[in-house]
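The values are calculated or read from the model by the stated rules, or taken from the named source; none is laboratory data. Please read these numbers as outputs of a predicted model, since none were measured by experiment. In this analysis, Cβ positions are derived from the backbone assuming ideal geometry, glycine residues included, and neighbour counts consider all displayed protein chains.
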Amino acid sequence: MLVKLEDDGEVATIVLNRPERHNSLVPDLLEDFLEAVARVKAAAVVLAAEGRSFSTGGDLRAFADLAARADDPRVPVTSDPRLAVTSDPRLASTGYTLAARGDGSLIAVNGDSRRAVIGDSLGAVTGDPLIAGDRERGRTGEGNEALAGYAHRIVGLLNQAILALLRLDVPVVAAVHGPVTGGALGLVLACDVVLVSPEATFQPWYTTVGFGPDGGWTAMLPQRIGTARAAAIQVLDEPIDAATAVAWGLAHRIEPDVRQAARRTAERAARKRAVGVTKRLINGDLDEVAARLEAERVAFVRQIVTSEAAEGMAAFRATRDRSPTRRRAASDAPPANRRTASARAASARAANDRAANDRAASARAASDPPLTPTDQETSVPAFSPRQDTHGGAR
C-alpha cells in the first residue's frame, strides 16, 4: 500500500508510504489516501510520512515521460475502451463530457450513451489549440491529450484528497519532516495543526519547472500567510524553512521528534469538544475552496502542454539521463547530517525562539514610526526571517 492507516480507536495515523520516491504523488497513492481518509473512525488523525521527505509533490518523472511521448509523433496513444468519466468546465456548453482513457489520454464522450465520439478529441470539442496540438513545438494533438489527461486526473485526485481532509469533523495534526514541495503542500494546508521538524522546508518549484501552481498554493496559501508573501515565494521559487513557517503562521510549532509530538497533540485534541463546528466555521464555505482548487486544475492542464513546461521537463529528463547511477546512489545514501536527539532538540528550541522573536519584531514594527530617509539608505531589506537559508535548492 502506498498509504498506511493505523487506527487504534483514539488516534488514526495516515502515513504516506512511498519513501523510495520521496512520497511523490501519483494517482495510486492519492486513491489509497482517499480510501484511508474514508476509513477513519478515530477521534483524531495524524498525517505523517515515511522516509526522508514528507512529500515532494507530483512525480515529475511521470510527467516527463508523458511529455517525451508527446514530443515523439511515432508513439501513438493506445486506445482503451474503459472510460473514467470526469467533468471539465470547458465542456459545459458543448453537450460532451470529458473522459480519461486507461492510458491517461483525454477524449470527449456522449454523456447519455457513454460511448466515445470518434474524432471528437478534447482539443477539437473545446477548440483549445494548446491541447489540440502545438505545431511550433511539433507535438501531436494525441500526445498533448495524453499529458493533459494525466494532469487532469492527478490534480483532480489531489483536490479530492485536500477536501476530504477539510471535511473531517475530527482534528487533523500534520507531522511534517524534510521537504514539502509542489502539490503536497495542499495536504498540509488541509490539516488543523501543523508541527514541523527543524529540517522541514516548503517550496513551490512551479516557476522553475514551468508548471501551473496546484495543491492550494494559490487557492489556500495566500489566506494563510498573506498575498504578498505567497506571491513572492512562488514567483521567486524560494523555500520556506521551519522557523519562517512558524513565524508566518504556516506551522504551529517546531518539534525535534515531530511524529511523537503529533501523536501527543492528537491525543490531546481528541479529548476536546465541539471540534467539528469549530473546523467548519474556520474553514468556511468548502464549495468556494473547491472552486478555487478546480481553477488551479484547469490552469495546470493548460500550462502542462505549453513550451515553458516542455522546456522544464526536458531539462529534468536531461539531468536524469546524464547521471542515473549517481542519483540512485544519492537517493539510497543515509543523510549526511544525521544528528543526535539532543542536538535536534536544541535546534528546535532555537528555531522556536527565533520564530517567537520574529513575531515580536513584527508586532513592534507595526507600532514603530516610519524610517527616515537616512535610515532607509542604511537599512538592509529582509525578505524573510531566515533569508540566508533560502539560496539553495532542495
Report summary line: Picking from ALA12, ALA67, ALA42, the residue that is of a type in the set (A, V, I, L, M, F, W, C) and out of contact with any strand residue (DSSP E or B) (no Cβ under 8 Å at 6 or more places or on another chain) would be ALA67
Report summary line: Within region 250-280, residues being out of contact with any strand residue (DSSP E or B) (no Cβ under 8 Å at 6 or more places or on another chain) and either of a type in the set (Phe, Trp, Tyr) or closer than 16 Å to GLY178 by Cα (or both) number 3
Query - Residues located in region 41-50, provided they are in contact (Cβ under 8 Å) with a residue 60 or more places away in the chain and either outside any loop (DSSP other than H, G, I, E, B) or not hydrophobic (A, V, I, L, M, F, W, C) (or both) - result: ALA44, VAL45, VAL46, LEU47, ALA48, ALA49
Requested in this report: Just one of (1) buried (at least 23 other Cβ atoms within 10 Å of the Cβ); (2) small (Gly, Ala, Ser); (3) within 24 Å of ALA164 (Cβ to Cβ) trips up ALA291, so point out which.
Outcome: (1)
Query raised in the report: Among ARG280, ARG297, ARG302, which is the only one that is at pLDDT 95 or above, basic (Lys, Arg) and surrounded by 17 or more Cβ atoms within 10 Å (Cβ to Cβ)?
Result: ARG297
Query raised in the report: Mind checking whether some residue in region 32-40 is touching a residue at least 12 places away in the same chain (Cβ under 8 Å), assigned to a loop (DSSP other than H, G, I, E, B), more than 16 Å from the chain's Cα centre (by Cα) and crowded, with 17+ Cβ neighbours inside 10 Å?
Result: yes
Report task. Return yes or no: is THR208 surrounded by fewer than 23 Cβ atoms within 10 Å (Cβ to Cβ), closer than 30 Å to LEU147 by Cα, at pLDDT below 95 and β-branched (Val, Ile, Thr)? Result -> yes
Report task. Return the total of residues in region 212-236 being surrounded by 17 or more Cβ atoms within 10 Å (Cβ to Cβ) and at positive phi. Result -> 2
Query raised in the report: Given the residues LEU293, LEU286, LEU221, which is the only one that is touching a helix residue (DSSP H, G or I) at 6+ places or on another chain (Cβ under 8 Å) and under 26 Å from GLY51 (Cα atoms)?
Result: LEU221
Query raised in the report: Where residues in region 1-15 are touching a residue at least 60 places away in the same chain (Cβ under 8 Å) and buried (at least 17 other Cβ atoms within 10 Å of the Cβ), which of them is nearest to GLY276 (Cα to Cα)?
Result: VAL11
